[in-house]
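The values are calculated or read from the model by the stated rules, or taken from the named source; none is laboratory data. The structure displayed is predicted, hence computed values, not measured ones. Cβ: placed from backbone, ideal geometry, glycine included. Neighbour counts: every protein chain shown.
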Amino acid sequence: MYKYSTKFKDESKVAKARVEDVDASFKDLIAVCDNIRLRRTDIALDMLEKASKGLIPLRYWKHNAHMGHRHELLGQKGRYPKKAAGIVLKALKSVISNARAKGLGEDRLIVIHAAANKQNIYRRLQPKGLRKRHDYETARIELAVAEIVRKEKPAKAKKEPTKAEKPHKAKEPKASEAKQ
């Protein structure tokens, strides 16, 4: 039984999806998940479709040492992770369909949880007696969406201003003073 890295208060209002043993760089997956977290799903879908085609770069907050700056990101560090964006795009479509099956409003979904982690490291030795080792790493992606619920503020009853709060009216000159 796998566990999610976060717990949700009301599971009936949250749709989840998880992808295991992904053959992609977990560092790129982390950057892609960071870019879609706390965004509406329609905006996230559009961003991931463009990123998977290589049309827009994604910002890297972590694992960005010696990385180039992108003028599209206003001088911030970033790259074009096409493979990772395509994998997260499939997972996002899956979580949206899970939300639709749960009866959540499809047009009001927000990505509340997006995480990627390193899962397994498979050690591989070079053949013919050479002692070089290459590690094959797999990753895991977790996504969760919830419906946006806007709390309406109760209408405030208008109260009568007190004497101190009432605006002062300018005194009009009396008729006798106006003649002078």
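Could you run through the stretch 15-30 and say how many residues are touching a strand residue (DSSP E or B) at 6+ places or on another chain (Cβ under 8 Å) and of a type in the set (Lys, Arg)? Please lay out each step first, then the result.
Here is the first cut: in the stretch 15-30, the ones touching a strand residue (DSSP E or B) at 6+ places or on another chain (Cβ under 8 Å) are 15-26, 28-30.
Those left that are additionally of a type in the set (Lys, Arg): 16, 18.
Residues in the stretch 15-30 being touching a strand residue (DSSP E or B) at 6+ places or on another chain (Cβ under 8 Å) and of a type in the set (Lys, Arg): 2 in total.
When you check Arg59 against the structure, is it modelled with pLDDT of 90 or more, surrounded by 13 or more Cβ atoms within 10 Å (Cβ to Cβ) and of a type outside the set (Phe, Trp, Tyr), yes or no? The answer is yes for Arg59.
If you filter the stretch 9-28 down to residues that are of a type in the set (Gly, Ala, Ser) and within 19 Å of the chain's Cα centre (by Cα), you find that the one that is surrounded by the fewest Cβ atoms within 10 Å (Cβ to Cβ) is Ala17.
Test Arg140 against the criterion of being surrounded by 10 or more Cβ atoms within 10 Å (Cβ to Cβ), assigned to a strand (DSSP E or B), over 29 Å from the mean Cα position of the chain (by Cα) and at pLDDT 80 or above, and give yes or no. Spell out the reasoning first.
Numbers: surrounded by 10 or more Cβ atoms within 10 Å (Cβ to Cβ): yes; assigned to a strand (DSSP E or B): yes; over 29 Å from the mean Cα position of the chain (by Cα): no; at pLDDT 80 or above: yes.
The answer is no for Arg140.
At pLDDT below 95, surrounded by 13 or more Cβ atoms within 10 Å (Cβ to Cβ) and of a type in the set (A, V, I, L, M): does that describe Leu92? Answer is no for this residue. The residues of the stretch 113-128 that are surrounded by fewer than 16 Cβ atoms within 10 Å (Cβ to Cβ) and either within 18 Å of the chain's Cα centre (by Cα) or of a type in the set (Lys, Arg) (or both), listed by number, are Asn117, Lys118, Arg123, Arg124, Lys128.
Within the stretch 79-96, which residues are within 17 Å of the chain's Cα centre (by Cα) and over 19 Å from Val145 (Cα atoms)?
The first filter runs over the stretch 79-96 and keeps only residues within 17 Å of the chain's Cα centre (by Cα), leaving 81, 84-96.
If the condition is that a residue be within 17 Å of the chain's Cα centre (by Cα) and over 19 Å from Val145 (Cα atoms), then Pro81, Ala84 are the ones that fit.
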